[in-house]
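Read the structure below first, then the notes.
What follows is calculated from the coordinates using simple rules that are stated; it is not laboratory data. What you see is a predicted model, and the numbers here were worked out from it, not measured in a lab. FYI the Cβ positions are ideal-geometry reconstructions off the backbone, even for glycines, and counts take in every protein chain you see.
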Amino acid sequence: MLARTLGTTAMAVLLAGGALAQDQSIIVQSTTSTANSGLYDYLLPIFEDETGIKVNVVAVGTGQAITNAENCDGDVLLVHAKAAEEKFVESGFGTERTDLMYNDFVIVGPADDPAGVAGMQDAQPALSQIAEQGALFASRGDDSGTHKKEMALWEDAGVDPTAASGDWYRETGSGMGATLNAGIGMGAYVMTDRATWISFDNKQDYEIQVEGDEDLFNQYGVIPVSPEKCPSVNAEAAQSFADWLVSEEGQSAIAGFEVAGQQLFFPNAPEN
Amino acid sequence: MLPLTVRDLVLRFGETTVLDGLALDLGAIGCTMVMGPNGSGKSLLLKLLHGLIEPSAGRIDWGGHAPREVTRRQALVFQKPVLLRRSVAANLDFVLKARGKDAGRRAALLDHVGLAHKAAQPARLLSGGEAQRLALARALATDPEVLFLDEPTASLDPASVLAIERIVSDARARGVRIVFVTHDMGQARRMADDVVFLHRGRVAEHSPAPDFFPRPRCAAARDYLGGKIVV
Amino acid sequence: MHDIGDALGLAVALVLSGDADLLEIVLLSLRVSLSATVIACLVGLPIGALVAIGRFRGRDVVLIVMNALMGLPPVVVGLLVYLHLSRSGPLGFLGLLYTPTAMIVAQTILIAPIVAALSRQVLEDLHTEYAEQFRSLCLTRLQTIRALLWDARYSLLTVGLAGFGRAVAEVGAVIIVGGNIDHLTRVMTTAIALETSKGDLALALALGIVLLVIALGVNAAVQSVRITAARHAYV
């Protein structure tokens, strides 16, 4: 008797669970940087009010976000790794990639700046100097957009940091926030996007040491997942979300999002 | 299922031989008391006869009935009653239901063993005597043709002993064949129609009670009755 | 270490404020993990009972496998469930990924072996006590299993509690199959992971304290049932 009641309850719970994700809703596979900064908490209510489309955000590293989208487990991809995004579209997984917004990367480090890179504007010499000094550097090491960017900069600088992996170069294999927590815990330099940094609460004595290089530019793109590859996607709703983001209204909403009085993302969608 | 015929019964555990070519015949009615020194194999003989364990060799014949059938038509009351973690009533309900008996018999059974007033109490909080009476009621609930009792009154107070003897005597009077292991000489005299005396893995003597107690034939039984250590 | 003091204050403030988001997260945590526990018991207890009373070839191997599965890493379970429930996976057509149901499935797989292995031990001990009496009563295997499960019910509560504890505390599986989606699949542990990654350690810890208090409450409730049962010698 007891077992039967419990069984019925379990079934009811299962069915209720299944029904939740239906209706007009889409899943956005996105990056931790956009989610952790609170951008979606600001943007989505505006969009949802207007269209009635519920947007569910799965925030993971760019690498995992793309993999998930390739498995058809999302309707929209919103990440920051242009080359990988273009490949995603070329392979037929996405309908079209549009530049959406940008911010920039910065290199943060402890106030006492053991590698003496404070105030440097060019990323590559700063990285070289960190490597030469053998100062600790914490990397995402997770194939995310930030990690891809960091690796490209090391290559420019002519340094293969992975040779020192486990020595001064520490690959956390984690998200941006976890890597910042780890880096700060061990006194290492960390490259992070500015949005995450500004909204990050556990800064301790850390400061931005390197910023302002054009090479530290961080472009975000938006791509609806292709209904041809993934018949299960909600193509219409996905398209209207992407369209809204790049519309004048969406763009000004992005520009209006501030943390601690600072604008975190700069809209740069091509005008139609 | 009676008479019972046992021939050449052997029970071994590894190197140890507990029963060694035992032979026994039991008639259709009465109360057989099984006696013998510790380690003579009384409890194991009961389990063999009831079909709970398999002999190493030999033959146990309950009037040609199949082993499974034999166990089903008998009941065994253990020295230490194994009661379910439920109320007194639920312990009986369980057996009545499991064996497809009339559930309405519970009240009569409890009344018969003097536990009607304890029906709702947790069975495992009963005193030793009460617990054993419940075990007896449970055994009787299965309507056994043969009732085995393995020292059911060891470590009980005199009143409890008499209460249990009364219940067993009632069952005997209703035609249930009783096979009763005991060390209690007084109990044996009160209950026995015949006595089986086990010694060194065999039936050393099987005599009617009026013959056994005054004049045991075998030396081991004489020593045992006389309070001497029997090896 | 001022974070710990902050967190305690924050935890109290969060609970007192009756924050709707917090309540939603707590309720989802309970719903997911309790459902997983119930289903894991429906699956695990019969298996535990069968192995407890069974004497069959390969039983030792089954025992080793059952005990080893107790150590299943949540993230591996999450990954396996993800690969099955993904739209491109064999069960993708169900559309269950990123739903509470997917989280229940993952946690059920995670804790069913715990329920099976621990209940096997409990039931085998009880069966040692009952076996001879049950054979004398000529009970069928089904009757034996039912009697064992019922008589061990209070000990099995503790087994269920062990499963629930593991489910409600794990983050690796639910974050992969649930996606930590706000207002949909965010539970206590994934919320804690999120706040940690935002660097809001005090809030993360405060959520952790709330989780701990919930776990304490569930344990206390079960323990009080057991104490009542023990008074009746039903344990």
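This ranking places C:51, A:76 by how few other beta-carbon atoms lie within 10 Å of each, fewest first, which gives C:51, A:76. Rg over Rh for the protein assembly as shown works out to 1.20, both radii taken from alpha-carbon positions and Rh defined as the Kirkwood radius.
In a DSSP loop and with at most 11 other Cβ atoms within 10 Å, there are no trypsin sites (Lys or Arg not before Pro) in segment B:87-131. Which one of B:84, B:52, B:29 has its Cα pushed farthest toward the positive end of the charge dipole of chain B, where Lys and Arg give +1 and Asp and Glu give -1 at the Cβ? With unit charges placed on the Cβ atoms, the residue in question is B:84. Pairs spanning more than 20 Å between alpha-carbon atoms, out of A:54/A:82; A:54/A:87; A:54/C:198; A:82/A:148: A:54/A:82; A:54/A:87; A:54/C:198.
Residues whose amide H falls under 5 Å from that of residue B:204, counting only those 5 or more places apart or on a different chain, are B:197, B:198, B:199, with hydrogens built in the peptide plane.
Between residue A:263 and residue B:119, the simple label model (points 7 Å from Cα in the Cβ direction) yields a spacing of 8.5 nm.
For chain C, the longest principal axis of the alpha carbon atoms and the long axis of helix C:201-231 meet at an angle near 30°. The distance between label points at residue C:59 and residue C:13 comes to 6.0 nm (points 7 Å beyond Cα on the Cα→Cβ vector). Taken about its Cα centre, segment C:2-231 carries a charge dipole of about 1020 debye when Lys and Arg each add +1 at the Cβ and Asp and Glu each add -1 at the Cβ. Spin-label model, residue C:140 to residue C:183: label points 7 Å out along the Cα-to-beta-carbon direction sit 5.3 nm apart. Between residue A:67 and residue A:247, the FRET efficiency estimated from the beta carbon spacing at R0 = 25 angstrom works out to 0.30. Summarising the amide proton neighbourhood of residue B:18: residues at separation of 5 or more, or on other chains, whose placed amide H is nearer than 5 Å comprise B:11, B:12, B:13.
Working note: Cα gyration tensor of segment C:50-125, eigenvalues times five, square-rooted, sorted largest first, giving semi-axes of 30, 12, 11 Å. With 28 Å as the cut-off, how large is the P(r) tail for segment B:4-225, expressed as percent of Cα-Cα pairs? Looking at segment B:4-225, the distances longer than 28 Å represent 30 percent of pairs.
The share of C-alpha pairs in chain A whose separation exceeds 30 Å stands at 35 percent. Dipole magnitude for the protein assembly as shown: about 7940 debye, using +1 per Lys or Arg Cβ and -1 per Asp or Glu Cβ, origin at the Cα centre. If you take the alpha carbon atoms of chain C and fit the smallest convex hull around them, that volume is 151 Å³ per residue.
Other residues with beta-carbon under 15 Å from the beta-carbon of residue A:70 carry, at +1 per Lys or Arg and -1 per Asp or Glu, a net charge of -3. Across segment B:109-125, no residue has a backbone nitrogen under 12 Å from the label position 7 Å along the beta-carbon direction of residue B:157. Loop-resident GluC sites (Glu not before Pro) (DSSP state other than H, G, I, E or B) in segment A:37-127 with no more than 16 further Cβ atoms inside 10 Å of their Cβ: A:96.
For trypsin sites (Lys or Arg not before Pro), the sites in segment C:32-138 that DSSP calls loop and that have at most 15 other Cβ atoms within 10 Å are C:55, C:57.
Computed from the C-beta positions of residue A:228 and residue C:228, the FRET efficiency with R₀ = 56 Å rounds to 0.35. At an R0 of 51 angstrom, the distance between the Cβ atoms of residue B:103 and residue B:222 translates into a FRET efficiency of 0.50. What percentage of all Cα-Cα pairs in segment B:1-101 are separated by more than 23 Å? Tail of P(r) above 23 Å: 37 percent of Cα pairs.
Computed over all pairs of different Cα atoms, the Kirkwood value for the hydrodynamic radius of segment A:103-216 is 13.5 Å.
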